[in-house]
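To start, the structure itself, in structure tokens.
No lab work stands behind these numbers, since they all come straight from the coordinates. For clarity, every value in this text was computed on a predicted model and none was experimentally measured. Note that we place each Cβ from the backbone using ideal geometry, even for glycine, and neighbour counts take in every protein chain shown.
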Amino acid sequence: MRKSKSLSALIFLAIGLFLLGLSNFVDELRVYQGAQIAVYVIAISSIILLTGYSGQISLGHGALMAIGGYAAVLSYTYWHVPFLIAFTIGALAAALGGFILGMAAARLSGPYLAGTTLALAVGLPSLANQFHILGGEQGLSFDIGEAPKWIANKTGGDFTQYKWFFWVSVVCALATIWFIKNLLQSRFGRTWRAVRGNPSAAALSGINIGRSKVLAFTVSSALAGLAGALLAMLLGLVAPMAFTLTLSFTIVTGAVLAGVTNLAGSIVGAVVLVVIPEFTDAVATHLGGSEKISANLPGLITSVLLILTVIFAPNGPKLHKRKKANN
Amino acid sequence: MLFLDTLLIGLSSGAIYALMALALVLVWRSTRVVNFAQAGQAILSTYLGYEVMSVTHNYWVSIPFAILGGAAIAAFVDAVIMRSLAKRSHKGSVSEIAPVIATLGLLGLIRSLTGMIWGNAYLQYTSPLSSKGYTIGSHTIPFSPLNLVIVVGALFVMGVFAAIFKFTNLGLALRAASFQPEISRLAGIRVDRIRTVGWAFAGAAGAVAGALVTPTTYLSPNSLDLLLVSGFVAAVIGGLDSLIGAVLGGLLLGVGFAFILQYIGTSVTFSAAFIILILVLFVRPRGILGSKVGRRDA
Amino acid sequence: MSALVVSNLSISHGAISAVKDLSFTIEKGQLAAIIGSNGAGKTTLLRALSGLIPASHGTATWQGKSLLGVKPEDLVRSGIVHVSEGKSVIPELNVKENLALGGIWRKDKKDVALATEEVLELFPRLRERLQQSADTLSGGERQMLAIGRALIARPQLLLLDEPSLGLAPLIIEQIFEAINKLRHRLDLTVLLVEQNAMSALKIADIGIIINVGSLVASGPSQELLADANLRAAYLGY
């Protein structure tokens, strides 16, 4: 059954080219939303990797995204590195944060870990107000500039800023999925699954459970950091308001909607997350609702979806069906 | 004098943390869930108090309504959502995290609902008491009648809880059902219902925390988020399954914060909370009064 | 009509069937010993009879009423009390509180007080330790406490799961003697699940021997004790 690596690489490349080509035929808003989806895909897969495969929970990935975002912007602004290097620095900074958090996390079971990461999500963004270099509530602006000439010229036509964002995000998202997919098939992936399935058996067979968990947390954090840097690119800034508790909840919701062990589901989850606000905006405008309604409708719908999913399809829609068939 | 002043401030905020910690511990003991929705439930009950106050113009009258509301919301959450969750998801890869996710979803749900009804703007839910510190001789201490009511109110609620737990059959059933649900069922206790009562008590404690603390700040759909985190840290310090531990943890955290604010500065409050949490988890994971049942897995 | 009628009862844990097509009857006031080795399905049987787990097939009735599908807390209210395996006390509570649990749902508080007093007469050691945490009791004392708590519910049918587990022989004898005394005095029907075949059959009226979930033999306990084949194969001596 195992597809050869080159074939699957070819498939990825084809998807990539298709998506990039697609950006020529849809309007600006859709292109921007496409970029958003790509960023969510990365964030959601970081949760899927952590929760679905390593069995740890994090309600604080929004904070790790903030670390990635701030680190990327700071290095871009002060060290004048190319933006891709800045993204890498963002991912590494978040990985470092995740490594430290993971050291604590590996020793904790569910509720403690959930609470600890929640504390991080609530508190960390507020640090921005306390250090001058972080820019306070207003945050720091971030502009990666236009697409390089050689790309823009090749594709012809006008190469807009949003299109460039879209390209960068899609390439990062595909690279992320490619990376996770290979990682899960490697020794590390097998170790995580073993630990997830039966920790005591895994320990008996010589797996260092703590190390395996810390590694999962670190990798997941790096991906969250990358997502944070990309988010900063899309927003054109980093600010505490961009990395609220709601963001942490949102990506967990996306992962749960996707079915936390289903990597491909991250795309579904991401699409849902981007579509909901659009949909609710339409509904709110149609109903002529007040600002109170339109501002809170997306949150309401995501929360209801989240609750319904854990009650009725706790293992994601797909797995749930398979289970039913077995019974 | 500075030392005493700081201690007093710490006790006032610590009393609130203790109430929140108590709410979390009560639910944790009975259901093994850290109820992140508690912040939302307390917000909702505080908005209820706010509504009652806007009709009656009396803060004191609004408090019992907030408390009853908080208890009712919590009972509803347990009976309707947590119970069906427990029935459906005891297997599968997310079974352990499903309850946590559900409470998270609830927090989001309540937050959006309150936002829809009352808007996201800051509202004032005010106490008639002065927030000006008492003056002793020539020295004005930073402890006001408002603080006094917070401390006394919190202590009163804790006293009532302690009495119920220690001296009534209901309290005995609550304790038994949380320690050993199966043996309790075999002894004839309707564990499901008792659990819901436990949630109601927790909801009431959270409601008191919300009603007491809000006059010192403002009311908005997420104005109790930080309190939730402090309550959690306090509960962890206390051992997460000890009621007395929760109270001590809350007071310790409050006093600790006050001293950090006073002697180090406000910029480190959050980091301090986080560092305290991590330290407790590393150094003494079962807290000061927690049971032997560890929080570490495998 | 027999008081406890179990017919064609099957119970499964997922794909594994722990009890298969089991049938037996017990008369009112009888003490029946269910004998079988570890993993024979004895505990599973009791857990199904007291409503803790569902049965997959068959029926079980007590005085004409079905036991299956009724919650344990409701069965307790109709006089069917299960003392589960492993000294079922709540270690975090003290002895007095553990006993109080037995009558916590009962309206007749006078009779609860009376029943408590009777239990303390029966097991004087518990009286000495009323304020102690159940955690500090010895194995035998815990078993006394568990049985005592069950008695305060004024049971008609007592389901006892391995009361001898992990106890010294002398203590086992005391506990069994107490059980025997009680059932005559209170006109109890007792279903006693045991690995300790010898001690159990000595006080039992009838014995039911099961192996990997199925009935091997049943009959008056004296006859079972006299059967050389059974003794060699299942009674272990």
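Among the trypsin sites (Lys or Arg not before Pro) in region C:60-147, which ones are in a DSSP loop with at most 13 other Cβ atoms within 10 Å of the Cβ? Mind listing them? Write out the running numbers ahead of the final one.
Numbers: sites: C:Lys65, C:Arg77, C:Lys87, C:Lys96, C:Arg106, C:Lys107, C:Lys109, C:Lys110, C:Arg125, C:Arg127, C:Arg129, C:Arg142; in loops: C:Lys87, C:Arg106, C:Lys107, C:Arg129.
Sparse-neighbourhood loop trypsin sites (Lys or Arg not before Pro): C:Lys107.
Where in chain A are the helices, taken as whole DSSP H runs, whose Cα atoms extend 27 angstrom or more along the long axis and whose Kyte-Doolittle mean reaches at least -1.0? For chain A, where a helix must reach 27 Å along its axis and average at least -1.0, the hits are A:28-47, A:83-105, A:161-185, A:209-235, A:265-287, A:291-312. Against chain C, whose longest principal axis is taken from its Cα atoms, helix C:169-186 shows a tilt of about 90°. Running a GNM on chain A with Cα contacts under 10 Å, which residue among A:Asp281, A:Asp143, A:Asp158 ends up with the highest mean-square fluctuation? Maximum among the listed residues: A:Asp158.
How large is the charge dipole for chain B, taken about the Cα centre, if only the Cβ atoms of Lys, Arg (+1) and Asp, Glu (-1) carry charge, to the nearest 20 debye? Could you put the intermediate results ahead of the total?
Details: 19 positive and 9 negative charges, 191 e Å.
I would put it at about 920 debye.
Restriction of the chymotrypsin sites (Phe, Trp or Tyr not before Pro) in region B:105-136 to DSSP coil positions whose beta-carbon has at most 12 other beta-carbons within 10 angstrom yields B:Tyr122.
The aspartates and glutamates within cross-link reach of C:Lys65, meaning a Cα-to-Cα straight distance under 18 Å and a gap of 8 or more places when in the same chain, are C:Glu27, C:Glu73, C:Asp74.
Applying a DSSP loop filter and a limit of 16 other Cβ atoms within 10 Å to the GluC sites (Glu not before Pro) in region C:103-151 leaves nothing.
With the cut-off at 23 Å, tell me which of the pairs C:Lys42/C:Lys202; C:Lys28/C:Lys96; C:Lys42/C:Lys71 have Cα atoms farther apart than that. Write down the numbers at each step before the final one.
Working: C:Lys42/C:Lys202 19 Å; C:Lys28/C:Lys96 31 Å; C:Lys42/C:Lys71 20 Å.
Exceeds cut-off: C:Lys28/C:Lys96.
Taking a straight Cα-Cα cut-off under 17 Å and skipping sequence neighbours fewer than 8 places away in the same chain, the aspartates and glutamates within cross-link reach of B:Lys87 are B:Asp78, B:Glu96, B:Glu182, B:Asp192.
With contacts defined as alpha carbon pairs under 8 Å and 6 or more residues apart, what's the relative contact order of region B:3-80 in percent?
Numbers: 38 pairs, mean separation 15.8, N = 78.
Reported relative contact order: 20 percent.
Legend: mean number of C-beta atoms from other chains within 10 angstrom of residue C-beta atoms, peptide B:165-178, equals 3.
Lysine pair count for region A:5-244 (Cα-Cα distance under 25 Å; residues 8 or more apart in sequence or on different chains): 4. Take every Cα pair under 8 Å whose residues are at least 6 apart in sequence, average their separation, divide by the length of chain A, and the relative contact order is 32 percent.
Compute the relative contact order of chain B as a whole-number percentage, counting only Cα pairs closer than 8 Å that sit 6 or more residues apart in sequence. Before the final figure, lay out each step's value.
On the way: 483 pairs, mean separation 107.1, N = 298.
Taking the mean separation of contacting Cα pairs over the length of chain B, I get 36 percent.
Charge dipole (Cα centre; +1 on Lys/Arg Cβ, -1 on Asp/Glu Cβ; no other charges) of the protein assembly as shown amounts to roughly 1480 debye.
Evaluate the charge dipole of chain A about its Cα centre and quote only its size in Debye, nearest 20, assuming +1 on the Cβ of each Lys and Arg and -1 on the Cβ of each Asp and Glu. Walk me through the intermediate numbers first.
On the way: 21 positive and 9 negative charges, 384 e Å.
Approximately 1840 debye in magnitude.
Going by alpha carbons, how many degrees (0 to 90, nearest 10) lie between the helix axis of B:269-283 and the longest principal axis of chain B? Taking Cα atoms only, the helix is inclined about 40 degrees.
Of all DSSP-defined beta bridges confined to chain C, some 55% are antiparallel rather than parallel. Sorting B:Ser131, C:Ser218 from the fewest to the most surrounding beta carbons within 10 angstrom yields B:Ser131, C:Ser218.
Mean-square fluctuation check for chain A, GNM, Cα pairs under 10 Å: which of A:Ala43, A:Ala239, A:Ala203 is largest? Sorting by GNM fluctuation, first place goes to A:Ala203. Separation of region A:4-31 and region B:193-242, taken as the distance between their Cα centroids, equals 49 angstrom. Given a 10 angstrom Cα cut-off, can you work out which residue in B:Ile136, B:Ile67, B:Ile189 is the most mobile in a GNM of chain B? Looking only at B:Ile136, B:Ile67, B:Ile189, the largest GNM fluctuation is found for B:Ile136.
Put in line by how crowded their Cβ is, counting other Cβ atoms within 10 Å and starting with the fewest, A:His61, C:His184 read C:His184, A:His61.
Counting neighbouring beta carbons within 10 Å and listing from fewest to most, the residues B:Val283, B:Val27 come out as B:Val283, B:Val27.
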